[in-house]
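> Just dropping this structure here.
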Amino acid sequence: MTDDMQKTGPFAGIKIVDVTTVISGPCSTGILGDQGADVIKVEPPTGDIMRARGKVAGFTPDFVSCNRGKRSVALDLKDAAAREVLWKLIEEADVFAQNFRPGVAERLGFSAEEALRRNPRLIYLSISGVDSSGPYTKKRVYDPVVQALSGLADMQSDPLTGRPKMTRSVVVDKITAVYAAQAVSAALYSRSATGQGQHVEVSMLDATLNFNWLTAWRPWPLSARKRMLPTRPMT
C-alpha cells in the first residue's frame with residue numbers, strides 16, 4: 001500500500017505497528033488491515049521467514065495472504081538507531097503487535113510497560129505459544145505442537161487405531177489470529193470510552209483450548225466409535 005492509497009472501513013485511521021512473524025500474528029493484523037487499519041510491517045533485514053518457504057517470484061502464498069495491504073520497513077532491532085526508529089513508530093501508533101518468545105521484547109527494550117509509559121493510549125498485543133509461564137515458555141511452539149498439547153490431535157483420532165491425527169491446516173494459527181484480532185478490537189472499543197490503552201495477551205494454547213472446549217470435554221463413547229467402523233470390506 002502506498003501513502004496515497006486511502007483505506008476505508010471501521011478501523012480507517014487506526015495505525016498498527018506489526019513486528020510479528022510467521023502466521024498467527026501477521027494474520028491477526030491482516031484481519032484488522034482488511035477492516036481499514038493502516039498496518040506497518042516491521043521485518044528484520046533478512047525478512048519474515050515465511051518469505052522463503054516455497055518462494056514464487058520473491059514471495060510465498062502464505063506470506064502474501066497474511067501481509068497483503070500492509071506497508072513495510074526493514075529494521076535490525078539489534079541496532080540502537082533502528083530501535084529508535086521503531087520507538088518513533090510506536091509512539092504514534094494505536095496498536096503494537098509482537099509475537100516474540102516471552103522475554104525477547106523485554107530484552108530488546110520494548111516491554112509492554114515501557115511502551116504504555118511512552119504511549120498511554122497504545123494497545124499492546126502479545127501473542128505467545130503457551131503464555132508467559134510454564135515449562136514450554138522459552139521454547140519455539142508452532143501449530144502442530146499446540147494441536148497435540150490442546151487435545152485437538154486426539155479429537156481427530158483414527159476411530160480404528162485411536163492414533164491421534166493432525167488437522168491438515170494451520171488451524172491453531174488461524175484460530176489464534178481471529179481471537180487476537182477480536183481482542184484488539186475490544187481493547188480499541190474500551191479505549192474509545194476510557195482513553196486508556198492496555199496490554200492484550202493471547203496464547204495459541206489458550207485460544208485453541210477455548211475453541212475446542214465444548215467438544216473436547218464431550219468425548220465420543222467407544223460404542224459410537226465402533227459404529228463408525230466399516231461392517232464389510234470397502235470396494
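The values are calculated or read from the model by the stated rules, or taken from the named source; none is laboratory data. Quantities reported herein were computed from a predicted structural model and do not represent experimental measurements. In this analysis, Cβ positions are derived from the backbone assuming ideal geometry, glycine residues included, and neighbour counts consider all displayed protein chains. When the accessible area is computed, the model is the full protein with side chains, heavy atoms only, and any ligands, DNA or RNA have been set aside. Shrake-Rupley method; radii C 1.70, N 1.55, O 1.52, S 1.80 Å.
> Taking interchain pairs and intrachain pairs at least six residues apart, which have beta carbon atoms under 6 angstrom, with the first residue in the range 192-217 and over 19 Å from I23 (Cβ atoms) and open to solvent by less than 80 Å² (accessible area, probe 1.4 Å) and the second among the basic types (K, R) and in a loop (DSSP other than H, G, I, E, B)?
Filtered contacts from the range 192-217: G197/R121.
> Select from the range 158-178 the residues that are under 21 Å from M204 (Cβ atoms) and free of Cβ contacts under 8 Å to residues at least 24 places away in the same chain and write down the one among them that is nearest to the chain's Cα centre (by Cα).
S169
> Return a yes/no flag: does the range 41-48 have any residue that is closer than 21 Å to V178 by Cβ and out of contact with any Cys (no Cβ under 7 Å at 6 or more places or on another chain).
Looking for residues that are closer than 21 Å to V178 by Cβ and out of contact with any Cys (no Cβ under 7 Å at 6 or more places or on another chain), one finds at least one in the range 41-48, hence yes.
> Taking interchain pairs and intrachain pairs at least six residues apart, which have beta carbon atoms under 7 angstrom, with the first residue in the range 73-93 and more than 21 Å from L116 (Cα to Cα) and the second of a type outside the set (F, W, Y) and open to solvent by less than 40 Å² (accessible area, probe 1.4 Å)?
As it stands, the answer is V73/I40; V73/V42; A74/E43; L75/V42; L75/A82; L75/L86; D76/A82, since those pairs meet every condition given.
> While we're looking at this one, here's another question. So which residues in the range 156-198 are farther than 21 Å from G25 by Cα and hydrophobic (A, V, I, L, M, F, W, C), if there are any at all?
L160, M166, A193
> Taking only the range 153-182 into account, find how many residues are in contact with a strand residue (DSSP E or B) (Cβ under 9 Å, 6 or more places away or on another chain), open to solvent by less than 20 Å² (accessible area, probe 1.4 Å) and not small (G, A, S).
1
> Here's another thing I want to ask about it. Can you say whether A186 is in contact with a Ser or Thr (Cβ under 6 Å, 6 or more places away or on another chain) and within 17 Å of I127 (Cβ to Cβ), as far as the supplied structure shows?
Answer is no for this residue.
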